[in-house]
1. Just to confirm a number: summing +1 for Lys and Arg and -1 for Asp and Glu over residues other than B:E284 whose beta-carbon lies under 14 angstrom from that of B:E284, what do you get?
2. Relative contact order for chain A: what is it in percent, counting Cα pairs under 8 Å that are at least 6 residues apart?
3. Can you tell me the FRET efficiency between A:T399 and B:E115 if r is taken as the Cβ-Cβ distance and R0 is 41 Å, rounded to the nearest 0.05?
4. Taking amide hydrogens as modeled 1.01 Å from N in the peptide plane, which residues meet the under 5 Å criterion relative to A:A72, leaving out close sequence neighbours?
5. Considering only DSSP beta bridges where both residues belong to segment A:1-90, give the percentage that are antiparallel (nearest 5).
6. To the nearest 20 debye, what charge dipole does segment B:80-127 have about its Cα centre, counting +1 at the Cβ of each Lys and Arg and -1 at the Cβ of each Asp and Glu?
7. Place a +1 charge on the Cβ of each Lys and Arg in the protein assembly as shown and a -1 charge on the Cβ of each Asp and Glu, then give the dipole magnitude about the Cα centre in debye, rounded to the nearest 20.
8. Using modelled backbone amide H atoms (1.01 Å from N, in-plane), which distant-in-sequence or interchain residues come within less than 5 Å of B:C419's amide H?
2 protein chains.
Amino acid sequence: MTISGMDTFFNPRGVALVGARSTPGFGFGIPLVLRREGWDDRLYLVNPRGGELHGYSVYADVAGVPDPVDLAIVVVPALSVPGVLEEVADRGIRHVIIESAGFAEVGGDGIALQEAAREVAARRGMRIIGPNCVGVVNTSHHFTSVEVIEEAMLGGTTSIIAQSGVFGAVMLDMLFQYGLHVSKAVTLGNRMDVDECDMLDYLAGDDATRSIMMYLEGARDGRRLKETLGRVASGKPVLILKSGRSEAGRQATASHTASLSGEDEIYEAVFRQTAAVRAGSLEELVEMTRVFSTQPMPRGSRLGIVTSSGSLGVLATDAAAAIGLEVPPLSEGSADRVAEAAPGWMNVRNPVDVGPSPQFPVALEALLGDTGVDMVLGIAVLPYFIFREVTSRGSTGHTWFGDVAAIRERHPGKPFAICAVGHSDFVDRVRELSGPQVPVFVSPEPAVRALAALTRYASMLR
Amino acid sequence: MTISGMDTFFNPRGVALVGARSTPGFGFGIPLVLRREGWDDRLYLVNPRGGELHGYSVYADVAGVPDPVDLAIVVVPALSVPGVLEEVADRGIRHVIIESAGFAEVGGDGIALQEAAREVAARRGMRIIGPNCVGVVNTSHHFTSVEVIEEAMLGGTTSIIAQSGVFGAVMLDMLFQYGLHVSKAVTLGNRMDVDECDMLDYLAGDDATRSIMMYLEGARDGRRLKETLGRVASGKPVLILKSGRSEAGRQATASHTASLSGEDEIYEAVFRQTAAVRAGSLEELVEMTRVFSTQPMPRGSRLGIVTSSGSLGVLATDAAAAIGLEVPPLSEGSADRVAEAAPGWMNVRNPVDVGPSPQFPVALEALLGDTGVDMVLGIAVLPYFIFREVTSRGSTGHTWFGDVAAIRERHPGKPFAICAVGHSDFVDRVRELSGPQVPVFVSPEPAVRALAALTRYASMLR
């Protein structure tokens, strides 16, 4: 199969929803979401009962669905799936997302049923995503086979590969809250056919995808995963959360997506030998992706810190040292530039502790322009009572911290992140100041961890 | 000095604010905040210019302040502080919070100035908090020497000891957002007199304080800290964020609160030899305190997990194994109890993956009542589109996840935390369901880390 074979899953011309249901339950909302996204004229509901549903007229069988249609979403009970696949193939549809559960993940008869479906797909030359998944999202095509909220369809540059449907769906629910917007998402379920390697190759060639987040319980084919990651991860970042680190975790996995996850050391070696970036936790996956999807590559590991809180500057310095970043002394030029307009009490060193002075933006610009610094972290802190008082008298966040987004635009060459600690309204203001190209964290350590991961990735590429 | 000596800082009968200012700047808002908290009749502003300020009449000198007054908050420029201390002592006030900066932390003349102030205090028998701090908060007395927002004054059971004023202030800004409410807070600054050990002893004897959070850049007296922690931390949890782990961090510290932080190994040994709990990061400090301030002690290290997402159950299991918690098989009784009303596809094991079934509360109760389980983590996940659809048709969070707060009340004996992943509105609903006694986390690993820290603490106490 060619890469364009995968493309039909994300860019179908017309879609048949086989097993469209009239009562709330799995898949009930799919027509509602596709209508919201403008698919009324390209979506065909199929159910033997016919009639009408959500204002669509329902086709009694797939054979009756009009052209153009090149993708089927199947939500019928597991037992009916092999038969439905034959009908879908008869209609000339070669791409199918099987969302139904009750296959290999339940063991016993489910395994045989999955094998029967696989046999039909192979014989009829079909490509299958699933079963036991919720399929795909493509924000640029406004296409989705899963019930997602409006905000999840705001286009972005991050793409997601997940095994579990629920996991993929909640990622779509939460990522936009962190300023992360998605290009494409796919949930693979039991991987009867299409697997993570197919998707990595597809997304590697997808211009809209700048970084790839992947949640994996186990590789379908370890050797192929290694080859694929070796190819893909050096072209664009692949951030991986791999569960089953522990024996207890592997046992829990077996009953979930029928994955054999294998010894963790093997995966660790695969990730180390490729440029894949492993996240240690769900939070870290999100943190890292926020930085990888917006920041340029650093040329080295030297971190410049500007902070309005000495304590948080120290904590960031500790975190940097613990993870292998340097916090070098300021160059003379930068020190002079910051000191020029600084109050006498200010210690002009790295971290630059500007205290309550207005030197925050001056110091940011000095460090972003300093050849002795490879990346910059700004830590914006101000007690909220004081922030509220001064903003009520006409000051703004700009008054304190400068126009961070504009500073980013003037100095686009280095990784740059902000940490804002305190009241959520304060953090929101700092987010506004910082714009979409500067990730804002709410404590210093995650920001430092993500910058360090980017540094390791950049050094792998060199 | 006796413990009641410290009490005057938190429970003064009357307060003189020396150096009250009429223009915005450091300390300007203190009278405004104290008025809001009901201190109009016990607050006396002092400034040589006299006149009126914020509707208070201003005393030209401390001598003129009427009774009762037993605490002075000093915000005059550093150079005037030694003289002001003499006047305060003449007025019979023995407790002083010096908020002014410009002492040992700036080096040079500042060191001499601090020594001069210290000499006055010692000679006149005064107790001093500061300089270079923002003093104290006592929510039950509605007293504060720092400009804090209303929400920070909602009473709770956690007390805070911090060196840096800004750090303490932003903790007060953010903690209530995590459901953490404060009893008392103190920022120590340069610790000319009162230090962390005085405060640990005071809070150890304070019935309103259930757990203590401490941010330390360096101990003033390492031997005394060890003795004090040995006494205090076995009575109530002391959670410590100690910066200066790295050489780079220690250098940054020196210029901040004039602390010599010393080798990190020494602190590590002190914490290990006492029951003090060290947090590795600011986030971890907050996470841990949320669990320590609400949860009973576990009797062992066996974690039961109930989840509506298999993936997140696996991630929680991995995190538990990595940090030394067990995820043991379910007892037969619990398994039967959960299986009784469960759909056929459900794997009744630990983690209990209830999927989209209504078995979540049943499984929680089974595990909370199971003698083979020492603590319980519930992972509540539901795609937001679906949650929004069903709640719009009259279902509630209770329908899916049960009345978590009531379950907690029925089973108060074990640590119990919830993790809710997804849309912030969904997380908010789960928070409401869970009530104030069940901390809700937004990803599984922090919840597990905090439960593990509680387990280690409990085993230290045994």
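Bear in mind these aren't lab numbers, they're just calculated from the coordinates by the rules spelled out. Keep in mind that this is a model prediction, so the values were computed, not measured. Note that we place each Cβ from the backbone using ideal geometry, even for glycine, and neighbour counts take in every protein chain shown.
1. Values: positive: A:R449, B:K242, B:R245, B:R278, B:R290, B:R449, B:R456; negative: A:E283, A:E284, A:D318, A:E445, B:E283, B:E287, B:E445.
Summing Lys/Arg as +1 and Asp/Glu as -1 gives 0.
2. Details: 951 pairs, mean separation 48.6, N = 462.
Relative contact order comes out at 11 percent.
3. Numbers: r = 37 Å, r/R0 = 0.91.
The computed FRET efficiency comes out at 0.65.
4. Amide H neighbours of A:A72: A:A16, A:H95, A:V96, A:I97.
5. Working: 2 of 12 bridges.
Looking only at bridges with both residues in segment A:1-90, the antiparallel portion is about 15 percent.
6. Values: 6 positive and 8 negative charges, 62 e Å.
For segment B:80-127, the charge dipole is close to 300 debye.
7. Details: 82 positive and 108 negative charges, 124 e Å.
It comes to approximately 600 debye.
8. Under 5 Å from the amide H of B:C419: B:G378, B:I379, B:A380, B:F441.
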